[in-house]
Every structure is written in C-alpha cells, then in structure tokens.
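Asker: Pasting a structure below so you can have a look.
The numbers here are math on the coordinates, done by the rules we state, and not lab data. What you see is a predicted model, and the numbers here were worked out from it, not measured in a lab. Don't worry about glycine lacking a Cβ; one is built from the backbone with ideal geometry, like all the others, and counts go over all protein chains shown.
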Amino acid sequence: MTRFELLAPAGDLDKLKVALLYGADAVFIGGKKFSLRAKANNFTLEEIKMGVEFAHNLGKKVHVTVNIIPNEKELEEAKKYIKELVKIKVDAIIVSSVALMEYVKNNNLPIDVHVSTQCSVSNSSAIKFYKEEFNIKRIVLARECSIKNIECMKKEIDTEIEIFIHGGLCSSISGRCHLSDFYTQRKANKGCCAHSCRWTYKIDDDKKFLFGCKDLCSISFFSKLLDLGINSFKIEGRMKSIHYIASVVRAYRYYIDAYEKNMLNEEVINFCNKELLRCESRDYGKSFFLGKIDKSDMVEYEKKEVNNEFVGYIRVIDDKIFLIPKTLIFKNDCFEMIVPNKIDSQIIKIEKMVLNEEEVFDTRHVNDKIEIFVDKNVCDYAILRKIK
Amino acid sequence: MEKVYAYKNLFNLAKDADAFLVETEFSSFSQYVIKKDELENLISKLKEINKKVYLRCDRILLEDEIIKLNEYKEIFLHSDGIFFEDFAFVEIFKNHPKKFKLVFFPFESFNTLEEAKILLNHGIDIVILPHGNENLLDENSNCDKFGISCIYNEILFMSRRKLLSLKDIDNNETHFIQESTRLSKQIIKETNVGTLIYNEKKEIIKYPKNIAFLVYDTIFIEEN
Ligand code: SF4
C-alpha cells in the first residue's frame, strides 16, 4: 500500500471486489442497518465477513458505515452490531453518534473509529475535541473545506484526515438538510434521502430555480491534495455501478501511482479525465476546494441522461467465462474491455453465448449469467463497455 | 427556568426575558457582520438592564474562521455564554469561568437522551435538544442541564453556497421557493455565509415546567 489510502465505495460484494481489484486500498460499505445509504443493496454480516477476508487477503481494509443518527432503540442495536463487526475483524467504523464513539472507547474495542462527514468537522479545534474526548483515529472532513483550510488545519493536528475527492455532493452542509424529510417523509439522516435538492423548484412563482450542485471531480487539482499529506482519499457512490467504481478507482489509482513515482504529466491527467467523463452522466464541479463556489459548480438545467457506456462484466468461475449483461448484447458484438492492473484496454468479441445449456444469440435479461466464448484472454471482473 | 429570547433590537425587548441570544459573526443566520466594539457595547447595555447575554455562534466553522474566533475570545467571555454547534467551541473555551456557559445548540446531531448526557460529560454545560426531540424529556426528567426551543421556524436546509447570488437573484430580498409539483412555499434567504431555506410557519412546542433553558428562537418571526 502507498502512503495514501484510496478509499472506494461498495454497495455489494461484487462491487467490493471490483473496487479492491481495480486499485482501491480500502472500501467503505454499509450493513443492512445503521448506514446512510438505505437504498444500496448493503451487506449482511456474513457478506461483510466475506468482504473482510477478501480485502485482508490482498492486504487491504474494510470500513463499515454506522453513521445514522440513531434513536434510543437503534442506539442499543448499533452497539451490539459494532461488537459483531469487531468479531469479524472489520478495520474501522464510520460513525456520527457520540454515544457510539464513547461506547467503543469505554469498552476498549479493537476497532478504529472514524468520524463521519455527517458531523461536518471543518477545523482543527473540532478535530482536537474528537481526538481528546473520544480517542478517535480519523476524521472525514466536511466537504466545505478548501485546500487552503486543510493546509492550515494539518499544521495544528496529528489526527488522520480523510476527504472526499470524487462523486455526488449535498448542496447543503452535510447533516443540515431536512428537505427530503419535509417533502417525502424520507429522512436523509436515516439514509433515505430523496435528493430533493436536485428537483425543479420555482422561485417567486415564476422563474425556474435549480439549486443542486454538480458532482465533485478533483482530478484537475488532485496533486495539490496529495501534496498536503492527507491520509485517505474517498470516492463517493455506494449506489453506483460496477463500471463506475472500476473506472473511477482505476483513474485515481493511476494518478496516485504516477505522482508517487514522480511521473505525473499531462498524458496521465488527460487519461484520468477521459476515464472519469466516460463513466458518469452528471456534470462535474470542484466544490469548495479552490476556496469559492462559482456558477460552474451548480446544476444549470435538468439532465436526465443515463450513462449507457457499461454493457456488462465478466466472471470466471471454474475455468468457465460468464457474462453478466447490463444491456442487450448480440452474438459477435465487440466491446472495449478493461481489466484490473492494466491501463490499456482491449477490444473483445463475443463469439458464442450459452444460457441454460442452449446457444443464444442475444442476452435476454439484465444480470443473467451467460456463459460466453471470446477471442481474447479474460479475467474475473473484467468490465465491458461500448467502443469509443 | 431561564427564558432566552432571540435578540432583535434594544427597542423591542421581550419583558419576560431573562436573557437574550445575540447574533454574532459566527451565527448561521447573520446577514450582517456585527463589529467587535458594537458587540461589546451591546453586552454591556443588556447587562445594565439585568439581562443575561448569550451569543449565537451556531455555525460550523472553517479553519480561517477559527483564527478569527480567537480574536473575539476575550469579548465573548464578557457574555454569559455561547450557543454553539461546532465542538471547536468546547476546545477553545475549555477553561472558561464557571459562570460562562457553553450551550450546545444543534441542528440535529442526536436523537437520544444518552447522547445529550454524554455531551454534558465532555465539557458542555447545557444541551438544547434538537427540534423534534423535545419528547425525550418529560415532567419527571431531571432537566437542569437541558433546554428546549419552544418557538421557532423549522429550518429545512442550511448551505455554505450562496444560492441566490449564484443564480443572479437579488440576495437582499426575501424570496419564496416552491417545488414544481407542490403547493407549499418555503422562504429562501441568503446570509453572509450561505443560504437557508425555512418554513414561514412558526412551530410552538410544549415543554416540561422544570426545563432549565427555554429558547424563544424568534429570529425570523415577526412579534406582535
Ligand atoms: S436533499 Fe440534497 S442536500 Fe439534502 S440531504 Fe439530500 S442530497 Fe443532501
């Protein structure tokens, strides 16, 4: 592992494996309860255990989010749940409740505690408070911090710092939004946000008013963040596709490796930019990193396009090759294939498809497991996408 | 019970107030920057008429604002305490005099009494329960370290983004927004540090009689 941790999201076990295989040093995942992405598939304890074993075999880590704001009943359940996470050797929990921080501290539980971005920690004095009072290991900084602010903060503290570098953003301060709850009774602080900030509003009865913000992409200034010696760089998106996770992780991995080898150049940055644009349909902005939000960070028009680059991924099981399709695919179709640990992609042709021991000429259902025969060597979790 | 009213101006002081909650440069709501000497003056004036003064510092602070806060520290210590949300205040004022109170005044950082009590063991003197959690306390609870906002506007959204300016909309005016498929309207207001969206309707909350702090958070509510 490098001195920087690249931390990726994983909504299920396949995504966890993809994230780690494509270059993440750690993943963050949610259990079936207590995490802020109620709509992600999320992991059972058994699946978390499998994920932890997979990660530890690669020398990598698993962080589990336990960051809802619990009520009395949930709080007791969350404590029991943390004990279970300790038993299965999860590396860290991400929490926002002081009761859970205190619980781990008072019981000397052998698990790292990371303060969730929901707590909106954005200065060195608050970091010192959490460290001194609750013995926390790491702070996930608020998304409102600028590079300059982080630089000043770093001089004052010795606590580990994690920041979001890529993905969706709240246009509110994290944890300070009740819009979803108000309009839909879906509480954001319980993991059920309806993204009401991205809806269309009217202002003063006539003018259309959109106040959602663009997704964050840090590639254009990422070297400045690396220069600061931040411990962990986090990608948002536990609900995102395998293609998204593989592409984003791969791009940032490539960048970090080039930075560490002193080989960062325009070509690397252009490659990363291109990869990141291919896997997302929402526009990108820079959030607060450069100090001020400007118009280019805000969504200007309703955009409902979906990204249709991703066509499927490969599983290799008992020497057989399977395709998990995400769209309609025909025999003899050709696609671009990306694989872990390689930057160059290849063109691959699907020469034959077999479903239930019968040859088929197209994929019928998304997520079927279709045995395929192809013209190239493939590996587990290779990703297929449209040729550009 | 200490009745704390949001301070508006010296000519409009609630008669039954024991204390006033004064906006500061570190408040979530402030639309103007109150200068250091003005603040010092105001604290003295309110003290002269035997009112306590608490300072609203409920913004989550960035590192550069912490540097600024240190400049205000001395003046703040002339007041009776600070209503805050950022734990930086606990760290910065950790050796404060006993009569100066650190009052935790959160948006929604907990939903249980256990968490509120834990905070009282970590340098916080009084905890005001977040809106919607008032029922954690009843007449039988020991309330001497707790407070409740008994009147307030429901804040729906707080952002560091100046959403009106970013959309070239006059940021001095009060505007209403309306989700395109719904009838209800909410107020959107730009402050000197960001944007708030809130409901015009005032919420009035029942409270246990033995509560220590009762906050009339009428900052946006016109009194009559
Ligand atoms: S509505 Fe928007 S700002 Fe509010 S919690 Fe959801 S994503 Fe965040």
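Asker: I need A:M50, A:M353 ordered by Cβ neighbour count within 10 Å, fewest first.
Answerer: Lowest to highest Cβ neighbour count: A:M50, A:M353.
Asker: In percent, what relative contact order does chain B have, based on Cα pairs under 8 Å that are 6 or more apart in sequence?
Answerer: Taking the mean separation of contacting Cα pairs over the length of chain B, I get 21 percent.
Asker: Still on this structure: Using alpha-carbon positions, what is the distance between the centroids of the range A:223-247 and the range A:164-219, in Å?
Answerer: After rounding, the separation between the Cα centres reads 21 Å.
Asker: Starting from the Cα of A:K331, draw a straight line to each of the lysines and keep only those under 22 Å, dropping any in the same chain fewer than 8 residues away.
Answerer: Partners found: A:K320, A:K349, A:K352, A:K369, A:K376, A:K386, A:K388.
Asker: What's the FRET efficiency of A:L328 with B:Q31 using the Cβ-Cβ distance as r and R₀ = 60 Å, to the nearest 0.05?
Answerer: Computed FRET efficiency for A:L328 and B:Q31: 0.60.
Asker: For the range A:5-297, what does the relative contact order come out to in percent, with C-alpha contacts under 8 Å and a separation of six or more?
Answerer: With pairs under 8 Å counted, the relative contact order is 20 percent.
Asker: For A:I293, A:I93, what ranking results if the residue with the fewest other Cβ atoms within 10 Å of its Cβ goes first?
Answerer: A:I293, A:I93
Asker: For a quick protection proxy, order the peptides B:139-146, B:40-47 by their average other-Cβ count within 10 Å, most packed first.
Answerer: Final packing ranking: B:40-47, B:139-146.
Asker: Under a point spin-label approximation (7 Å from Cα along Cα-to-Cβ), what is the B:I205-A:N265 distance to one decimal in nm?
Answerer: So the label points at B:I205 and A:N265 sit 6.1 nm apart.
Asker: Right, another one. Would you mind checking which residues have amide H under 5 Å from B:L156's amide H? H placed 1.01 Å from N; only 5 or more apart, or other chain.
Answerer: B:I197, B:Y198, B:N199
Asker: Now a separate question. Quick check on the range A:56-127: of the DSSP beta bridges with both residues there, what percent are antiparallel, nearest 5%?
Answerer: Roughly 0 percent of the beta bridges in the range A:56-127 run antiparallel, per DSSP.
Asker: Is it possible to state the helix-based mean residue ellipticity at 222 nm for chain A, with each DSSP H run of 4+ residues giving -39500 (n - 2.57), the sum divided by total residues, to the nearest 500 deg cm²/dmol? What is it?
Answerer: That calculation yields -9000 deg cm²/dmol at 222 nm.
Asker: Most fluctuating residue of A:A246, A:A142, A:A19 in a GNM of chain A with Cα springs under 10 Å: which is it?
Answerer: The residue that fluctuates most here is A:A142.
Asker: Could you go through the range B:180-187 in sequence order and give the Karplus-derived ³J(HN,Hα) for each residue, using 6.51 cos²θ - 1.76 cosθ + 1.60 with θ = phi - 60°, rounded to whole Hz, and x for Gly and Pro?
Answerer: 4, 9, 10, 8, 5, 10, 10, 8
Asker: So, one more: What does the structure give for B:174-181 when I average, per residue, the other chain Cβ atoms found within 10 Å of the residue Cβ?
Answerer: Taking all residues of B:174-181 together, the mean is 5.
Asker: Comparing B:I177, B:I66, B:I82, which has the greatest mean-square fluctuation in the GNM of chain B with Cα pairs linked when under 10 Å apart?
Answerer: Top of the fluctuation ranking is B:I177.
Asker: Return the lysines within reach of A:K87: Cα separation strictly under 18 angstrom, same-chain partners fewer than 8 residues apart disregarded; answer none if there are no such residues.
Answerer: Candidates past the 8-residue exclusion: A:K32, A:K33, A:K49, A:K60, A:K61, A:K79, A:K105.
Asker: Do you know the relative contact order of the range B:153-201, to the nearest whole percent, from alpha carbon pairs under 8 angstrom that are 6+ apart?
Answerer: So the answer I get is 50 percent.
Asker: Next question. Does chain B classify as rounded, prolate or oblate by the C-alpha gyration tensor (a ≥ b ≥ c root eigenvalues; a/c under 1.5 gives rounded; else a/b over b/c gives prolate, otherwise oblate)?
Answerer: Rounded is the answer for chain B, as its axis ratio a/c remains below 1.5.
Asker: Could you quote the convex hull projected area for the range A:62-184, Cα atoms only and averaged over all directions, in nm²?
Answerer: That works out to 8.5 nm².
Asker: Quickly rank B:19-28, A:117-126, A:314-323, A:281-290 as a protection proxy: mean count of other C-beta atoms within 10 Å, highest first.
Answerer: My ranking of the peptides, most packed first, is A:117-126, B:19-28, A:281-290, A:314-323.
Asker: On to the next question. GNM on chain A, C-alpha springs below 10 Å: top fluctuator among A:Y244, A:Y183, A:Y252?
Answerer: A:Y183
Asker: Please state the shape class of the protein assembly as shown: rounded when a/c is under 1.5, otherwise prolate if a/b exceeds b/c and oblate if not, all from the C-alpha gyration tensor.
Answerer: Note, shape of the protein assembly as shown comes out prolate.
Asker: For the range B:102-162 and the range B:64-79, what is the centre-to-centre distance using only Cα atoms, to the nearest Å?
Answerer: Centre-to-centre (Cα) distance: 23 Å.
Asker: Could you please report the charge total around A:E144, scoring K, R as +1 and D, E as -1 over all other residues with beta-carbon less than 10 angstrom from its beta-carbon?
Answerer: Around A:E144, the charge tally is +3.
Asker: Compute the distance in nm between two label points, each set 7 Å from the Cα along the Cα-to-Cβ direction, one at A:D375 and one at A:N108.
Answerer: Taking the simple label geometry, A:D375 and A:N108 are separated by 6.5 nm.
Asker: When you look at the Cβ of every residue in A:198-205, what mean number of other chain Cβ atoms sits within 10 Å?
Answerer: The shielding value for this peptide is 6.
Asker: Under 12 Å Cα-Cα from A:K207, which aspartates and glutamates qualify once same-chain neighbours fewer than 8 residues away are excluded?
Answerer: The qualifying aspartates and glutamates are B:D168, B:E179.
Asker: Of B:K98/B:K209; A:K155/B:K189; A:K15/A:K208; A:K137/B:K98; B:K162/B:K185; B:K52/B:K117, which ones are farther than 29 Å apart at the Cα?
Answerer: Cα-Cα > 29 Å for A:K155/B:K189; A:K15/A:K208; A:K137/B:K98; rest within.
Asker: I've got another one for you. Would you please give the FRET efficiency between A:N273 and B:N172, computed as 1/(1 + (r/R0)^6) with r the Cβ-Cβ distance and R0 = 35 Å, to the nearest 0.05?
Answerer: 0.30
Asker: Mind listing the phi-derived Karplus ³J(HN,Hα) values for the range B:192-208, rounded to whole Hz, using 6.51, -1.76 and 1.60 with θ = phi - 60°, and x for any glycine or proline?
Answerer: Once rounded to whole Hz, the list reads 6, 10, x, 9, 10, 10, 8, 8, 5, 4, 8, 8, 10, 10, 6, 9, x.
Asker: Kindly identify the range A:5-297 as rounded, prolate or oblate by the Cα gyration tensor criterion: order the square roots of the eigenvalues as a ≥ b ≥ c, call it rounded if a/c is under 1.5, otherwise compare a/b with b/c, prolate if a/b is larger, else oblate.
Answerer: Rounded shape, in that the Cα axes give a/c under 1.5.
Asker: How well do other chains shield peptide A:163-173, expressed as the mean number of their Cβ atoms within 10 Å of each residue Cβ?
Answerer: 3
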